[in-house]
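Beneath this line is the structure, given in structure tokens, with notes to follow.
The values are calculated or read from the model by the stated rules, or taken from the named source; none is laboratory data. Everything numeric in this text was worked out from a predicted model, so none of it was measured. Using ideal geometry, Cβ is built from the backbone for each residue, glycine included, and neighbour counts are taken over all protein chains shown.
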Amino acid sequence: MNFVEPVSGGVVVAVGLGVKRGGAEPFKYKGVIFFKQLKIMSTSCESVARHILPLYRSFVAKELIEKYNYTQIRVAKKIRTTQAAISQYITSKRGHKGISNYDEIAPLVQKAAAKVAKRIAAMDISAEEFSESFCELCKSLQRTKKL
């Protein structure tokens, strides 16, 4: 399987391209040569990114809008997504699907989201730290056997 996919933070995921794990070797995609740091996402991370990350973003967005009076556009800029995605998070069209143990995970995700929303509102967090906060949540869920 050969594909290249951008992920949050400008990191590029490359699978099946013969690139060393964590290497910075050049690769070509659609005629463009890239020289970015590469990460190979595990199957677990892919699943978490597909299901838990939207839930996390949804809770962060709702917290920022409801508690800190942020606009959808401002939230989108802070968490590096689009205003349309924020709108879907707010109306629950995105962020709550495909999670079999939602009732177990939701309180933990909501608690982490409230904490990071508070830091965003206090301007005490960078975009990279936002991404890292999600990784910490994921690790916490793995430790508690929720994933």
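Annotations
- When region 126-141 is filtered for residues that are part of a helix (DSSP H, G or I) and without any contact (Cβ under 8 Å) to a residue 24 or more places away in the chain, the ones remaining, listed by number, are 129, 132, 133, 135, 139.
- Helices (runs of 4 or more DSSP H) wholly inside region 1-110 that include at least 3 residues being at pLDDT below 90: 43-68
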